[in-house]
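Asker: Once you've had a glance at the structure underneath, I'll fire off some questions.
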Amino acid sequence: MFFESWQHYVVYMGSSSGGEAPGIAESDHLQLLSSIIPSHESERISLIHHYSHAFKGFSAMLTENEASVLAGHDGIVSIFRDPILQLHTTRSWDFLEAASGMQYTHKHPPMSSDVIIGMIDTGIWPESPSFNDDGIGEIPSRWKGVCMEGYDFKKSNCNRKLIGARYYGSIQRTYSNNKTHMAKPDDSPRDFDGHGTHTTSIAAGAKVANASYHDLAGGTARGGSPSSRIAIYKACTLDGCSGSTILKAIDDAIKDGVDIISISIGMSSLFQSDYLNDPIAIGSFHAQQMDIMVVCSGGNDGPDLYTIVNSAPWIFTVAASSIDRDFQSSVLLGNGKTFQGSAISFSNLNRSRYYPLAFGEDVAAKFTPISESRNCYPGSLDTQKVAGKIVVCTDNDLNIPRQIKKLVVEDARAKGLILVSEDEKIVPFDSGTFPFAEVGNLSGLQIIKYINGTKNPTATILPARDVPRYRPAPTVAYFSSRGPGQYTENILKPDIMAPGVTILAAMIPEKEAGSVPVGNKPSGYAIKSGTSMACPHVTGAAAFIKSFHHRWSTSMIKSALMTTATIYDNTGKPLQNSSHHFANPHEVGVGEINPHKALNPGLVFETTTEDYLQFLCYYGYSEKNIRSMSKTNFNCPRINIDRLISSINYPSISISNLDRHKPAQTIKRTVTNVGCPNSTYISRVHAPVGLEVKVFPNKIAFIEGLTRVSFKVLFDGKEAAIGYNFGSVTWFDGRHSVRLSFAVNVE
């Protein structure tokens, strides 16, 4: 007899009215399930997750046929298989403040400790000093959250800083043959991975003096908004990050009363879903309706184009950059030459002894292709030939990550690894106590030339050291996912860039052998890289701004950060990418965050819920579904085409198709004055040669009682180069520079 496989599905039913009792809604959902699930399988008539606070829906075990039948019911906006999402895995704040020319004083306004940040991640290590509540007042009375206990987590682990903690059980992905196998849940909000602890301390960690990672990156660790409260939603388990659980965490966070939600998680860029089948996009839409900002990492699938994730316009999407600090290990050759390699390595080698040096292809196992041994593929090296040597590997195949190459040579009993990689070397790899250095192509060629031209080549690798005041910085991290977005190119994504390379922050104590230098205790801090680390920098910056401007809407804060972002590095030149070319907005968004400048932006672009509803219309969703999502009688505009998405009042402009053989395209924007009541702004256009850009009017004036003014930007591509053209329109009043970045694809 054939049994159809059961799988975990999410059933999304639009906005919650708020007036219906949760028990009644849950009963209705169970009744809906009973109408499609056979009576002899009644054990499946149960809800795994139930959504009822900001939006309606549930998740349950269904067959593909049952999901198809359910999709035809009235009131169902979308139904999709529960996806498994990926984790997008401190000097950084000092660097941001130095770049702005301002000094951090820790003098936050009285409202600062009332900002509540919800972190959806892998949990938290509450004992870290980054989460102490010294000097923080009583918990705001509006807080409705809980501190859930677990087998290794008590209510006393929460405090006036860490005010909430929730966890969610893990569910096995596939059920078949009428047998349900429930995975053992992670019964605690405690962090099992370190990712959640790290990101949380970046966003809102308390000030901790003398923090370091085994004496590297020493200094004071702190988050972007050290006095903000934090609430943890452990949505990831050993089984992964379930989309249905993330959706439940967003629903809970909205109910609990957070101000900002931070999510350093996302779908793979290869398997993205449209906005109504993406759990983060769905939950974030309803958070935005409640004026709760959602900040998300853009993904680590760069440097290829069209890899950006979490790209819905109501999500604040973040790219990753380097900071002005590097970590380097010296490679000393037997001929007296020295090369500097990138590394976070606690090598036990020194200058007093050198070891035999070999290229991967020279110590290959029998019948191994040269291309594999050069890249140190698993199984490609001869253990007897490798033992006791320092091995040189290339990195031509990025499908084999550095961690694997390191394990390959380490398992073969090598003394160390020198990796040749031009792109990856800007992101130092943590090799623990195993000697390691990563050099660029030029240095690599010289090292290989030395090996080939010397009878008995030797080398040693010294421990890593800090390299402060590194230039140029910031640069775009090679791994940072790039735009344009896959589902629409008429919204510029990513939105903004923030530090995401070699970030020191709190961590769970290390336990793996080889990760702790001899004689050291496990470190409570670690150095990590990823857009996961960039995302909480923007979260902290948004909380910082909200603490000063607590009446500003989320779109005002987002606009303030975007229009004041910097587009220059610490050498005064335009931002660069990892290939040393000038970066463009599909890599950096509008630029690198500048939190202090964003406190006084002058003008802001307010993107309203109506803008987002129009976006959904222009994208092609039905008016019926949009009304379900908004709980309104919203009417779509008469004309609904993708190109009109460019017209929503977003703090940047993107045009996916400017036909050079057709009339110019005009884009309207409206600004709100949050600066001096009597001020006049003049526009300045920065555009590539051939692209004609005109602003009407080119001067806007604000007087007492007039705070909102509209203007139009005309784009004519008759003489422009084919492909994307990038530039900006800047409004200047003598004090404020309000930059509106644009990306225009001329065809």
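The values are calculated or read from the model by the stated rules, or taken from the named source; none is laboratory data. In this text the structure is predicted, and so the values were computed from the model without any measurement. Don't worry about glycine lacking a Cβ; one is built from the backbone with ideal geometry, like all the others, and counts go over all protein chains shown. These accessible areas exclude ligands, DNA and RNA; they are computed on the full protein's heavy atoms, side chains included. Shrake-Rupley method; radii C 1.70, N 1.55, O 1.52, S 1.80 Å.
Asker: Among the listed pairs 154/528; 493/712; 631/718; 546/699; 56/155, which are separated by more than 32 Å between their Cα atoms?
Answerer: 631/718
Asker: Around residue 621, under 14 Å between beta carbons, what's the net of Lys plus Arg minus Asp minus Glu among the other residues?
Answerer: On the way: positive: 624, 627; negative: 274, 278, 623, 642.
Result for the neighbourhood of residue 621: -2.
Asker: In debye to the nearest 20, how big a dipole does region 7-81 give about its Cα centre with +1 on each Lys and Arg Cβ and -1 on each Asp and Glu Cβ?
Answerer: For region 7-81, the charge dipole is close to 180 debye.
Asker: In nm, what is the difference between 0.36 nm times the number of residues separating residue 159 and residue 714 and their Cα-Cα distance?
Answerer: Here the answer is 194.4 nm.
Asker: Computed FRET efficiency, Cβ-Cβ of residue 684 and residue 640, R0 41 Å: what is it to the nearest 0.05? Show your work: numbers first, answer last.
Answerer: Working: r = 34 Å, r/R0 = 0.83.
Here the calculated transfer efficiency is 0.75.
Asker: Next question. What's the carbon and sulfur percent of the chain's accessible surface, probe 1.4 angstrom, rounded to a whole number?
Answerer: 51
Asker: Using the Cα gyration tensor of region 636-687, with a ≥ b ≥ c the square roots of its eigenvalues, what is the shape: rounded (a/c below 1.5), prolate (a/b larger than b/c) or oblate (neither)?
Answerer: Oblate shape, in that a/c is at least 1.5 and b/c is the bigger or equal ratio.
Asker: In addition: Could you work out how much longer the chain between residue 624 and residue 706 gets when fully extended? Use 0.36 nm per residue separation minus the Cα distance between them, nm to one decimal.
Answerer: 25.9 nm
Asker: Can you tell me the mean projection area, over all orientations, of the convex hull of region 7-81's alpha carbons? Units nm², please.
Answerer: 4.5
Asker: Once the Cβ-Cβ distance between residue 41 and residue 413 is put in as r, and R0 is 45 Å, what FRET efficiency do you end up with, to the nearest 0.05?
Answerer: On the way: r = 55 Å, r/R0 = 1.22.
That pair, residue 41 with residue 413, gives E of 0.25.
Asker: Assigning unit charges at the beta carbon (Lys, Arg +1; Asp, Glu -1) and nothing else, what dipole magnitude in debye, to the nearest 20, does the chain show about its Cα centre?
Answerer: 1800
Asker: Could you work out how far apart the two model spin labels at residue 633 and residue 441 are, taking each label as a point 7 Å from the Cα in the direction of the beta carbon, and quote it in nm?
Answerer: Output for this residue pair reads 6.5 nm.
Asker: Once label points are set 7 Å from the Cα along Cα→Cβ at both residue 382 and residue 694, what is their separation, rounded to one decimal in nm?
Answerer: For residue 382 paired with residue 694, the spin-label model returns 7.5 nm.
Asker: Given the Cα-Cα distance of residue 238 and residue 465 and 0.36 nm per residue of separation, how much length would full extension add, in nm?
Answerer: Working: separation 227, 0.36 × 227 = 81.72 nm, distance 3.37 nm.
Net length gain for the segment: 78.3 nm.
Asker: Let me ask another. Looking only at Cβ-Cβ distances, which cysteines of the chain have no other cysteine closer than 4.7 Å?
Answerer: 296, 535, 676
Asker: Taking percent of Cα pairs over 37 Å apart as the quantity of interest, determine which of (i) 43; (ii) 49; (iii) 39 was computed from the displayed structure.
Answerer: Evaluating percent of Cα pairs over 37 Å apart on these atoms matches (i).
Asker: For residue 352 and residue 581, what does the FRET efficiency come to when R0 = 45 Å and r is the distance between their Cβ atoms, rounded to the nearest 0.05?
Answerer: On the way: r = 42 Å, r/R0 = 0.94.
FRET efficiency, residue 352 to residue 581: 0.60.
Asker: For every other residue with a beta carbon closer than 13 angstrom to the beta carbon of residue 305, add +1 if it is Lys or Arg and -1 if Asp or Glu, then tell me the sum.
Answerer: Net charge around residue 305: -2.
Asker: Of 641, 622, 596, which is farthest on the positive side of the dipole of region 587-642, counting Cα position, with +1 on Lys and Arg Cβ, -1 on Asp and Glu Cβ, and the Cα centre as origin?
Answerer: Value: 622.
Asker: Tally Lys and Arg at +1 and Asp and Glu at -1 over the other residues with C-beta under 9 Å from the C-beta of residue 206: what net charge comes out?
Answerer: Cβ neighbours under 9 Å give a net charge of +1.
Asker: In the structure shown, do any of 366/406; 234/624; 597/662 have a Cα-Cα gap over 30 Å, and if so which?
Answerer: Too far apart for the 30 Å limit: 234/624; 597/662.
Asker: Hey, what number do you get for the chain at 222 nm if only DSSP H runs of n ≥ 4 count, each worth -39500 (n - 2.57), divided across all residues, to the nearest 500? Spell out each step's value before the answer.
Answerer: Details: 16 runs with 152 residues, N = 747.
The per-residue figure over the chain is -6000 deg cm²/dmol.
Asker: Along the charge dipole of region 472-568, which of 524, 507, 544 sits closest to the positive end, that is, farthest toward it, with unit charges on the beta carbon of Lys, Arg, Asp and Glu (+1, +1, -1, -1)?
Answerer: Of the listed residues, the answer is 544.
Asker: With every protein chain kept in place and ligands, DNA and RNA left out, what is the accessible area per residue of the chain? Probe 1.4 Å, answer in Å².
Answerer: So the chain comes to 39 Å² accessible per residue, rounded to a whole number.
Asker: In the chain, with Lys and Arg counted as +1 and Asp and Glu as -1 at Cβ, which of these residues, 586, 605, 736, has the Cα nearest the positive end of the dipole, that is, farthest along it?
Answerer: 736
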